[in-house]
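**Student:** Here it is: the structure, laid out below.
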2 protein chains.
Amino acid sequence: MVKNNVGKEIPKEFADQYGVFDEQFSNVKPFEEASRKINPVKPGDEKLLGSLREAIEKTGLEDGMTISFHHHFREGDYVINMVLDEIAKMGIKDISIAPSSLANVHEPVIDHIKNGVITNITSSGLRDKIGAAISEGIMENPVVIRSHGGRARAIASGDIKIDVAFLGAPSSDAYGNINGTKGKANCGSLGYAMIDAKYADQVVAITDSLMPYPNAPISIPQTDVDFVVEVDEIGDPEGIASGATRFTQDPKELLIAEYAAEVITNSPYFKEGWSFQTGTGGAALAVSRYLRRAMIDKDITASFALGGITNAMVELHKEGLVDKIIDVQDFDKNSAISLGENENHYEIDAEFYASPFSKSSAINQLDVCILSALEIDTDYNVNVLTGSDGVIRGASGGHSDTSAASKLSLVISPLIRGRIATVVDEVNTVVTPGDSVDVVVTEVGISINPNREDLIEAFKDLDVPQFTMDELRDQAYEVVGQPKAIEYGEKPVALVEYRDGTLIDVVNNV
Amino acid sequence: MVKNNVGKEIPKEFADQYGVFDEQFSNVKPFEEASRKINPVKPGDEKLLGSLREAIEKTGLEDGMTISFHHHFREGDYVINMVLDEIAKMGIKDISIAPSSLANVHEPVIDHIKNGVITNITSSGLRDKIGAAISEGIMENPVVIRSHGGRARAIASGDIKIDVAFLGAPSSDAYGNINGTKGKANCGSLGYAMIDAKYADQVVAITDSLMPYPNAPISIPQTDVDFVVEVDEIGDPEGIASGATRFTQDPKELLIAEYAAEVITNSPYFKEGWSFQTGTGGAALAVSRYLRRAMIDKDITASFALGGITNAMVELHKEGLVDKIIDVQDFDKNSAISLGENENHYEIDAEFYASPFSKSSAINQLDVCILSALEIDTDYNVNVLTGSDGVIRGASGGHSDTSAASKLSLVISPLIRGRIATVVDEVNTVVTPGDSVDVVVTEVGISINPNREDLIEAFKDLDVPQFTMDELRDQAYEVVGQPKAIEYGEKPVALVEYRDGTLIDVVNNV
């Protein structure tokens, strides 16, 4: 075992392979970018094939290869199951899958694991039944959990080498010019898919909306696509928004939002031209309302809003309170529509968004980000991956990326969820190191990271109760008691990469 | 000497290094794409530097390296001279330059060659004094002439490895998000520069219009840029249009245009949804007028117009006769403005436009292209590089790319220029092989390539005089006599690459 810099024990085998987490930026070094094989397409060659099966055959996909998918359709995705079913029917085994994330709808993955079709997974997250199955230990090889920026880094550096990317394309022409703003299942930004298209040896565009040449706008160009397949349906647009975006009426969430807004609007970053990322979730969306009020009152506008985009940001943009929207993913229908219609709403890829190894990511320019948590510990470490029972049910997402790079990162969370403390002595799984977290916001008050002396000074007259993390933990434990230790097994089921590729934690079977 | 498939003798040394031209598509094979070094940029790192000198120093540029430039400012460019002067002042020698092309305004290049600062050049073309100096033999190493598609191929395959790209940026933010539609010297599309940015190890953006973050639209993203420098002026926007775009009143040119339009509008390709590229030059622009009339008369619209874009195409687009414009370069101010304003006017890079080794280029989808010539021979080979005196004064451009890939390529040219025959027994320099040329159009009539039996059949009732190339040559020689053979020296001064990287010709000193 090798202990890393957040005190987590990493089995030597994996420590040797990946390295262990040291500090936020200590592993950021020049590197040679990965390259890809290109099969040139001559005049007269056709990319449009008759079936998904024909496309898989043409790629030469075989046992042991790596395939990838994007998760822009979220719970509405039909592509991953469709492709895996076909691969399974063809008798191909030992496949590594590298989706940008997995959703509940991908439950059939469990059977493909059991049947030997899938033997390796890397993903941002694992939800519900898949997470539970992985935590039970159904895979021989641990899943590798990567942040959105970390995945882009892994692909660009060759840590993930994609043989074939199967990309759901809301609209495509027969030569592979793709966008997500036209077509039947328009998900908006294709930011995560753009990276796969750029680095994969081969790319198969799967579309239910075939357009005349040239389809435009061009999010993924024909120069990144080998084959195009038309199918009946690639996804359910209603599924894109499911479970993510709602405004809250919960008094506890509203109080958290109010405190978060107090922190932000009284910070040195809240001035003309500031920038922010709010993410989704009830409290986060509620913060947007308070920020709107404050921007109007103080006659301040933001230069840009970043990240996964919700209608709340689009509304602020339309009101003139946010100059530009920089969009790597859309969380609802209105955001997807806005991307197609508003000239100051831009699509970016995951490398541009958050890769720690790129020639610069947008999060480096970000003033304020609001992040959620499943658990936070007294060292400010955050868990967004495993539940209080130790079972994988969350996703790394852009959490460790934005918190490291932005000037002010807020982690907002109720002190207690159900009958379980959220603020704890030690989180089950560290996804984001405490050094990246500036302020923790709960319904009882906030805790400022002691390493941010400038913020402690700036907030000394703030009209919000302030605590140490120990005090917040004590308040939580007072109500619901100290959580019982989880009884993990001996088998590593998930390796949690920090965004730089080192291991920040390992999750064992439960 | 090794004789290639168009009968040109290639010195063995170069034949061994590059291979010799065989057939249009015989050298198109799968390959591993070139990669680049990346210096990751951390939060807080600044890309904006105080001076060009500081930027050159930061890149670590040293003797023997390769630098590149784009030619989107054409005769209005200030960047190439500015950078080369600074490099010369710093005492750096033995530099290879790889601009997408060179213009008359870059005459100072001659002194930098003589002083040993520049020892290798690859470019699409060489104009006037630079061409003359090269043809005199002032360089030890021959210049490598590459087509626009061939340059993109060479960069993507690693034949050109750019250490530092110095890219004039009409507008940029301090993090290197660049476009060509905003700013003082707005040249419109940055299609050629985008390739340099994508593959160079280091990229310096040189701008005279620094914008707030994030500058958008984003033609070249921050993920492709290392440093940003602000200077007073990067170019003269008036120079972009110089010498390229005018409507002709010359009766000979109008007759050529009329014949070309007859060929196109009576071809099997002239139907709803067709596509075309016209290029510049008096006769080519006049063709646009005839095509406009024919499209209105026959109620036909084009799906797209491609290539270097002129206002003539923009007008057709605005009239609804051309659905989309796909734009790798703008030849005048109105085209540059249109790119910024029209949502169906799209910017593409040179790989997307014309690379023979890409996962598909737009020219593969092109129905009709109209090309010019300095000379055409009886085998339909075309010279667009050397004058009748054997001196380099032209540019390869997209000539060999579009003629090879489009379904119908027209080479339009007067039979005689000044007192010199244009149609000759053998062109001085082959840039485009005869197999790529479908129809030659002159003021006396046309000649259809015998290898296009389908066109001979389609045009059998065409109301335009038809000749063999021998007959056209005889008519030219009857008037002005057979041109005298050029007396070349023994020294190769330019290697003419075919788009696939093999040598189609070598130009010796005069």
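The values are calculated or read from the model by the stated rules, or taken from the named source; none is laboratory data. Treat the numbers as computed from the prediction; the structure is a model and nothing was measured. Here Cβ is always computed from backbone atoms with ideal geometry, including for glycine, and neighbour counts include all displayed protein chains.
**Student:** So, in the range B:217-243, exactly how many residues are outside any loop (DSSP other than H, G, I, E, B) and either surrounded by fewer than 17 Cβ atoms within 10 Å (Cβ to Cβ) or away from chain A (no Cβ under 14 Å) (or both)?
**Tutor:** The number of residues fulfilling the criteria is 7.
**Student:** Follow-up. Mind checking which residues of the range B:10-24 are more than 14 Å from chain A (Cβ to nearest Cβ) and in contact with a helix residue (DSSP H, G or I) (Cβ under 9 Å, 6 or more places away or on another chain)?
**Tutor:** Going residue by residue through the range B:10-24, those that are more than 14 Å from chain A (Cβ to nearest Cβ) are B:10-22.
Across the range B:10-24, the qualifying residues are B:ILE10, B:VAL20.
**Student:** Can you tell me which residues in the range A:61-78 are of a type in the set (Gly, Ala, Ser), surrounded by fewer than 24 Cβ atoms within 10 Å (Cβ to Cβ) and in contact (Cβ under 8 Å) with a residue 40 or more places away in the chain?
**Tutor:** Within the range A:61-78, A:GLY76 is the sole residue that qualifies.
**Student:** When the residues of the range B:358-396 are narrowed to those that are of a type in the set (A, V, I, L, M, F, W, C), more than 14 Å from chain A (Cβ to nearest Cβ) and not in a loop (DSSP other than H, G, I, E, B), which ends up nearest to B:ARG74 (Cα to Cα)?
**Tutor:** Across the range B:358-396, the extreme among qualifying residues is B:ALA395.
One line per residue, one yes/no per condition, for (1) hydroxyl-bearing (Ser, Thr, Tyr); (2) at the interface with chain B (Cβ under 10 Å from one of its Cβ atoms); (3) in contact with a Pro (Cβ under 7 Å, 6 or more places away or on another chain):
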position	(1), (2), (3)
A:ALA260	no, no, no
A:ILE264	no, no, no
A:GLY279	no, no, no
A:ARG292	no, no, no
A:SER303	yes, yes, yes
A:LEU306	no, yes, no
A:ILE326	no, yes, yes
A:SER335	yes, no, no
A:ILE348	no, yes, no
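**Student:** Which of the numbered conditions does A:ALA336 fail, given that it passes all the others? Conditions: (1) out of contact with any strand residue (DSSP E or B) (no Cβ under 8 Å at 6 or more places or on another chain); (2) more than 23 Å from A:THR442 (Cβ to Cβ).
**Tutor:** Looking at each condition in turn, A:ALA336 falls short on (1).
**Student:** Within the range A:189-203, is there a residue that is under 20 Å from B:ASN364 (Cα atoms) and either among the aromatic types (Phe, Trp, Tyr) or under 19 Å from the mean Cα position of the chain (by Cα) (or both)?
**Tutor:** Within the range A:189-203, not a single residue is under 20 Å from B:ASN364 (Cα atoms) and either among the aromatic types (Phe, Trp, Tyr) or under 19 Å from the mean Cα position of the chain (by Cα) (or both).
**Student:** When you check B:SER409 against the structure, is it crowded, with 21+ Cβ neighbours inside 10 Å, of a type in the set (S, T, N, Q), modelled with pLDDT of 95 or more and in contact with a Pro (Cβ under 8 Å, 6 or more places away or on another chain), yes or no?
**Tutor:** No; evaluated as a whole, the condition is false for this residue.
**Student:** Residue under question is A:GLY168, and the condition is that it be more than 14 Å from every other protein chain (Cβ to nearest Cβ), within 25 Å of A:GLU57 (Cβ to Cβ) and in contact with a helix residue (DSSP H, G or I) (Cβ under 7 Å, 6 or more places away or on another chain); does it hold?
**Tutor:** So A:GLY168 passes the test.
**Student:** Next question, about the same structure. Being under 26 Å from A:TYR199 (Cβ atoms) and within 8 Å of chain B (Cβ to nearest Cβ) is the filter here, so list the residues in the range A:337-346 that pass it.
**Tutor:** Within the range A:337-346, just A:TYR346 meets the criteria.
**Student:** Here is a follow-up. Looking only at the range B:444-455, how many residues end up being surrounded by fewer than 16 Cβ atoms within 10 Å (Cβ to Cβ) and closer than 15 Å to B:LYS407 by Cβ?
**Tutor:** The qualifying residues number 3.
**Student:** Please find, within the range B:321-371, the residue that is surrounded by the most Cβ atoms within 10 Å (Cβ to Cβ) out of those that are of a type in the set (Asp, Glu) and more than 24 Å from B:ALA156 (Cβ to Cβ).
**Tutor:** So, considering only residues that are of a type in the set (Asp, Glu) and more than 24 Å from B:ALA156 (Cβ to Cβ), the one surrounded by the most Cβ atoms within 10 Å (Cβ to Cβ) is B:ASP367.
**Student:** Also, I was wondering about something else. Quick one: in the range A:268-277, which of the residues that are crowded, with 20+ Cβ neighbours inside 10 Å and either more than 12 Å from every other protein chain (Cβ to nearest Cβ) or of a type in the set (D, E, K, R) (or both) is farthest from A:CYS187 (Cα to Cα)? I'd like the intermediate steps shown before the answer.
**Tutor:** Taking the range A:268-277 as the starting set, the residues that turn out to be crowded, with 20+ Cβ neighbours inside 10 Å are A:270, A:274-277.
Now narrow it down to the ones that are either more than 12 Å from every other protein chain (Cβ to nearest Cβ) or of a type in the set (D, E, K, R) (or both): A:270, A:276-277.
Details: A:PHE270: 31, A:PHE276: 22, A:GLN277: 19 Å.
Among those that are crowded, with 20+ Cβ neighbours inside 10 Å and either more than 12 Å from every other protein chain (Cβ to nearest Cβ) or of a type in the set (D, E, K, R) (or both), it is A:PHE270.
**Student:** Are there any pairs, at least 6 apart or on different chains, whose C-beta atoms fall under 7 Å, with the first in the range A:405-416 and under 14 Å from A:GLU253 (Cα atoms) and the second surrounded by 23 or more Cβ atoms within 10 Å (Cβ to Cβ) and of a type outside the set (A, V, I, L, M, F, W, C), and if so, which?
**Tutor:** Hits for this filter: A:SER413/A:THR422; A:SER413/A:THR442; A:PRO414/A:THR422; A:PRO414/A:THR442; A:LEU415/A:THR422; A:LEU415/A:THR442; A:ILE416/A:THR422.
Quick grid of which residues meet (1) in a loop (DSSP other than H, G, I, E, B); (2) more than 12 Å from A:ILE376 (Cβ to Cβ):
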{"residue": "A:VAL427", "(1), (2)": "yes, no"}
{"residue": "A:VAL430", "(1), (2)": "yes, no"}
{"residue": "A:VAL444", "(1), (2)": "yes, yes"}
{"residue": "A:PRO450", "(1), (2)": "yes, yes"}
{"residue": "A:ASP454", "(1), (2)": "no, yes"}
{"residue": "A:LYS460", "(1), (2)": "yes, yes"}
{"residue": "A:ASP463", "(1), (2)": "yes, yes"}
{"residue": "A:ARG473", "(1), (2)": "no, no"}
{"residue": "A:GLU478", "(1), (2)": "no, yes"}
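**Student:** Would you check if A:LEU48 is crowded, with 18+ Cβ neighbours inside 10 Å and either at pLDDT 95 or above or on the phi < 0 side of the Ramachandran plot (or both)?
**Tutor:** When the stated conditions are applied, A:LEU48 does not pass them.
**Student:** Pick out the one residue from B:ASN5, B:ASN39, B:ASN81, B:ASN27 that is in contact (Cβ under 8 Å) with a residue 12 or more places away in the chain, within 27 Å of the chain's Cα centre (by Cα) and within 14 Å of chain A (Cβ to nearest Cβ). Reasoning before the result, please.
**Tutor:** On the way: B:ASN5 fails: within 14 Å of chain A (Cβ to nearest Cβ); B:ASN39 fails: within 27 Å of the chain's Cα centre (by Cα); B:ASN81 fails: within 14 Å of chain A (Cβ to nearest Cβ).
Answer to the selection: B:ASN27.
**Student:** Now for a different question. Looking at the range B:206-215 only, could you name the residues that are surrounded by fewer than 22 Cβ atoms within 10 Å (Cβ to Cβ) and within 14 Å of chain A (Cβ to nearest Cβ)?
**Tutor:** Answer for the range B:206-215, where residues must be surrounded by fewer than 22 Cβ atoms within 10 Å (Cβ to Cβ) and within 14 Å of chain A (Cβ to nearest Cβ): B:MET211, B:PRO212, B:TYR213.
**Student:** When the range B:489-501 is examined, which residues are found to be surrounded by 17 or more Cβ atoms within 10 Å (Cβ to Cβ) and either of a type outside the set (A, V, I, L, M, F, W, C) or in contact with a helix residue (DSSP H, G or I) (Cβ under 7 Å, 6 or more places away or on another chain) (or both)?
**Tutor:** Matches in the range B:489-501: B:PRO492, B:VAL493, B:ALA494, B:LEU495, B:GLU497, B:TYR498, B:ARG499, B:ASP500, B:GLY501.
**Student:** Let me ask another. Among the residues of the range B:481-494, are any among the basic types (Lys, Arg) and in a loop (DSSP other than H, G, I, E, B)?
**Tutor:** Scanning the range B:481-494 turns up at least one residue that is among the basic types (Lys, Arg) and in a loop (DSSP other than H, G, I, E, B).
**Student:** Listed residues A:SER209, A:SER242, A:SER219; which is modelled with pLDDT of 95 or more and either more than 22 Å from B:ALA354 (Cα to Cα) or in contact with a Pro (Cβ under 7 Å, 6 or more places away or on another chain) (or both)?
**Tutor:** A:SER209 is the lone residue from the list that is modelled with pLDDT of 95 or more and either more than 22 Å from B:ALA354 (Cα to Cα) or in contact with a Pro (Cβ under 7 Å, 6 or more places away or on another chain) (or both).
**Student:** Separate question: Select from the range B:204-216 the residues that are part of a strand (DSSP E or B) and either over 23 Å from the mean Cα position of the chain (by Cα) or not small (Gly, Ala, Ser) (or both) and list them in ascending order.
**Tutor:** Within the range B:204-216, B:VAL204, B:ILE206, B:THR207, B:LEU210, B:MET211 qualify.
**Student:** Which one is nearest to the chain's Cα centre (by Cα) among residues in the range A:289-311 that are within 20 Å of B:PRO214 (Cβ to Cβ) and not in a strand (DSSP E or B)?
**Tutor:** A:THR310
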